[in-house]
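A.B. asks: I have a structure I would like to understand better, so I am pasting it below and will then ask my questions one at a time.
The values are calculated or read from the model by the stated rules, or taken from the named source; none is laboratory data. Here the structure is a predicted model, which is why all the values come from computation and not from measurement. No Cβ is skipped: glycine too gets one built from the backbone with ideal geometry, and neighbour counts run over all protein chains shown. Keep in mind that these areas ignore ligands, DNA and RNA; they rest on the heavy atoms of the full protein, side chains included. Shrake-Rupley method; radii C 1.70, N 1.55, O 1.52, S 1.80 Å.
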Amino acid sequence: MYIRKSKFILTLLVLVLSCSCNSFTIKHNTKNNDGGDTDGINQFMADTDFCDVLNKALMFYKYNRAGRLPDDDVPWRGNAALGDSSPGSSPDANGDGNLSGGYFDAGDHVKFGLPMSASMTMLGWGYLENKDAIEKCGATELYVQDLMYGWDWLMAAHTGPNEFAAQVGNGEADHAYWGPPEMMTMARPTYMINEQAPGTEVAMESAAALSICFMILNETNPDYANNCMDHAKQLYSFGDNYRAVYSDSVPDAQNFYKSWSGYDDEIVWATLWMHRATGDSSYLTRAQSDYDSLTIGKMAQANSHDWDLKAPGVCLLMTQAFPGTQQYVTDFEGFMNWWLPDGGVPYTPGGLAWIREWAPARYASNAAFLSSVYAKSGADTKYQTFTQSQISYILGNNPNSQSFVVGIGPNHPINPHHRASHHSLTDNIMSPVNNTYLLLGALVGGPSQDDSYKDDRTDYVRNEVACDYQACFVGNLAYLASLASGNN
């Protein structure tokens, strides 16, 4: 079982108050979404304004920005972590450190390089797959802003050809504080990877994210896109030539984002994205060879695609790179069919594919995104139905009429495990009783295996929010908006 985080355990529970839904309303039914209730799912799809939800979901990244903020789009957020910097760097004209920007990881305020880069990869992939629908939803500007804020930080963190800031902030010190980021005073050390202490996963994932940057902006902002590609090529070479598990080189990450799967999957993952960005056939030849020798197809089975494991996504990219090749079809469909009803993954009684306790809605959403990409290739309609069933459950189309997205749908959460929106001025997770600000559009962790759920910010297993949770959720919303508009 992957353990996403370890935190001190709080035993007091916050009083859960009922709250009326946001002005945007989702109609719902109470039948199980087990893959067979297609009428109920289709009705839910028809009743839901996915463009509206998409635009709200994209705001999550603005809620989690660090550094000197370039706008006041989130009035209750201010400048924070301005001193974040790499060793030996100089402050800018404002006195800010070179690593002051980027995104806080989740409800906490550490900048973890692996999930941040993985979030930008998946968020960017969602854009590539659903660009037309995003445009029709009026979300292009916001979507690209979110991506560029992440890309800016990844390039800033790449301080030399073979150097990268893999983490900013000490996990334990950060998690001992409960208040808004603007009031942080603890020291925030920077943990570098380099030739002496490599981190292949982080270097390769960052190369993948920045290669997608090139694909998205090559026509509209070529100078920025070329800068992304220059960094991507150097990071790919760094990760390839100096190999080590990043969390061995950055021990502080081990209690939070340990690399359980190793770096083999990231090597093939980044190779495929570099091929897509450059068109260089040597990358594709290498990906095909490494896919076999590193047994990526086997690694993908009966598991999740997430910040740590990229093997399922690699299988999907191989089906796109080699259309009709049975090995890659078998490997990806083997992964995907395990996620379908009666395929192997446990399901809640109400229909959520529930692979593990920590943030199951995130894993279901990730699988749903891969399924949506595959469905667009003309695959069996069961893959589209799976995406629809999982996202409709998450938005409240379940027996408990319980939404898992803050401010959206029936009985939605209002108290996610998120320090900035709770905004305690006394370093107290229990005060105030309810979060001060509504984290509108944020996906929380999700229910227990019996569908039960409490809107309790002290329960970070079920109620935290995170950049990696949100990335595939955004992609799913864009895909479902495309279905509503007839793009697919």
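A.B. asks: Any residue in the stretch 100-114 that is open to solvent by 10 Å² or more (accessible area, probe 1.4 Å) sitting within a Cβ distance under 6 Å of a residue that is assigned to a helix (DSSP H, G or I)? List the pairs, counting only those 6 or more apart or interchain.
C.D. replies: If the second residue must be assigned to a helix (DSSP H, G or I), the pairs left are 101/152; 101/153.
A.B. asks: Right, another one. For a quick check of your reading of the model, give me the residue pairs whose first member lies in the stretch 392-407 and is under 19 Å from residue 483 (Cβ atoms), whose second is open to solvent by less than 10 Å² (accessible area, probe 1.4 Å) and among the hydroxyl-bearing types (Ser, Thr, Tyr), with beta-carbon atoms closer than 6 Å and at least 6 apart or on different chains.
C.D. replies: Between residues of the stretch 392-407 that are under 19 Å from residue 483 (Cβ atoms) and residues that are open to solvent by less than 10 Å² (accessible area, probe 1.4 Å) and among the hydroxyl-bearing types (Ser, Thr, Tyr), the close pairs are 395/403; 396/403.
A.B. asks: In addition: Check residue 83 against each of (1) out of contact with any helix residue (DSSP H, G or I) (no Cβ under 7 Å at 6 or more places or on another chain); (2) of a type outside the set (Asp, Glu); (3) buried (at least 17 other Cβ atoms within 10 Å of the Cβ) and name the one condition it does not meet.
C.D. replies: (3)
A.B. asks: Under 6 Å between Cβ atoms, which residue pairs at least 6 apart in sequence (or on different chains) link something in the stretch 176-200 that is touching a residue at least 12 places away in the same chain (Cβ under 8 Å) and charged (D, E, K, R) with a partner that is part of a loop (DSSP other than H, G, I, E, B) and buried (at least 20 other Cβ atoms within 10 Å of the Cβ)?
C.D. replies: 188/84; 188/169
A.B. asks: Looking only at the stretch 464-488, count how many residues are out of contact with any Pro (no Cβ under 9 Å at 6 or more places or on another chain) and of a type in the set (Asp, Glu). Break it down into steps so the answer makes sense when it comes.
C.D. replies: Within the stretch 464-488, the first condition is being out of contact with any Pro (no Cβ under 9 Å at 6 or more places or on another chain), and the residues that meet it are 469-488.
Going one step further and asking which of them are of a type in the set (Asp, Glu), we end up with none.
Number satisfying all stated conditions: 0.
A.B. asks: Right, here's the next one. Which pairs have Cβ atoms under 6 Å, sit 6 or more apart or on different chains, and link a residue in the stretch 217-232 that is farther than 22 Å from residue 283 by Cα to one that is at pLDDT 95 or above?
C.D. replies: Correct list of pairs: 224/217.
A.B. asks: Going by the structure shown, is residue 359 aliphatic (A, V, I, L, M) and surrounded by fewer than 24 Cβ atoms within 10 Å (Cβ to Cβ)? Write out each step before concluding.
C.D. replies: Working: aliphatic (A, V, I, L, M): yes; surrounded by fewer than 24 Cβ atoms within 10 Å (Cβ to Cβ): no.
When the stated conditions are applied, residue 359 does not pass them.
A.B. asks: Considering only residues that are in a helix (DSSP H, G or I), open to solvent by 30 Å² or more (accessible area, probe 1.4 Å) and within 18 Å of residue 84 (Cα to Cα), which ones fall in the stretch 129-173?
C.D. replies: 149, 152, 156, 172, 173 - these are the residues of the stretch 129-173 that are in a helix (DSSP H, G or I), open to solvent by 30 Å² or more (accessible area, probe 1.4 Å) and within 18 Å of residue 84 (Cα to Cα).
A.B. asks: Another one. Give the number of residues within the stretch 297-353 that are closer than 30 Å to residue 402 by Cα and of a type in the set (Asp, Glu).
C.D. replies: The total comes to 3.
A.B. asks: Which fully enclosed helices (runs of 4 or more DSSP H) of the stretch 394-488 have 3 or more residues being open to solvent by 10 Å² or more (accessible area, probe 1.4 Å)?
C.D. replies: 460-463, 467-485
A.B. asks: Could you list, in sequence order, the residues of the stretch 333-346 that are open to solvent by 40 Å² or more (accessible area, probe 1.4 Å) and outside any loop (DSSP other than H, G, I, E, B)? Show your work before the answer.
C.D. replies: In the first step, residues of the stretch 333-346 are kept if they are open to solvent by 40 Å² or more (accessible area, probe 1.4 Å); the result is 333, 337-338, 341-342, 344, 346.
Hits for the stretch 333-346 are 333, 337, 338.
A.B. asks: Quick one: is residue 306 at pLDDT 95 or above, within 22 Å of the chain's Cα centre (by Cα) and not aliphatic (A, V, I, L, M)? Write out each step before concluding.
C.D. replies: Values: at pLDDT 95 or above: yes; within 22 Å of the chain's Cα centre (by Cα): yes; not aliphatic (A, V, I, L, M): yes.
So residue 306 passes the test.
A.B. asks: Filter the stretch 349-370 down to the residues that are hydrophobic (A, V, I, L, M, F, W, C) and part of a helix (DSSP H, G or I) and list them by number. Talk me through it step by step, then tell me what you get.
C.D. replies: Step one: filter the stretch 349-370 for residues hydrophobic (A, V, I, L, M, F, W, C), giving 352-355, 358-359, 361, 364, 367-370.
361, 364, 367, 368, 369, 370, listed by residue number.
A.B. asks: While we're looking at this one, here's another question. Among the residues of the stretch 316-332, what is the count of those that are part of a helix (DSSP H, G or I) and open to solvent by 50 Å² or more (accessible area, probe 1.4 Å)?
C.D. replies: 4
A.B. asks: Quick one: count up the residues across the stretch 50-80 that are surrounded by 16 or more Cβ atoms within 10 Å (Cβ to Cβ) and among the acidic types (Asp, Glu). Quick ask: steps written out before the conclusion?
C.D. replies: At the first step, the residues of the stretch 50-80 found to be surrounded by 16 or more Cβ atoms within 10 Å (Cβ to Cβ) are 50-69, 74, 77, 80.
Subset that is among the acidic types (Asp, Glu): 52.
So the answer is 1.
A.B. asks: Filter the stretch 232-267 down to residues that are touching a Lys or Arg at 6+ places or on another chain (Cβ under 8 Å) and farther than 27 Å from residue 189 by Cβ, then give me how many there are.
C.D. replies: Summing the residues that are touching a Lys or Arg at 6+ places or on another chain (Cβ under 8 Å) and farther than 27 Å from residue 189 by Cβ in the stretch 232-267 gives 1.
A.B. asks: Test residue 101 against the stated conditions and say whether it is within 26 Å of residue 193 (Cα to Cα) and over 17 Å from the mean Cα position of the chain (by Cα). Explain how you work it out, then say what you get.
C.D. replies: Details: within 26 Å of residue 193 (Cα to Cα): yes; over 17 Å from the mean Cα position of the chain (by Cα): yes.
It is true that residue 101 is within 26 Å of residue 193 (Cα to Cα) and over 17 Å from the mean Cα position of the chain (by Cα).
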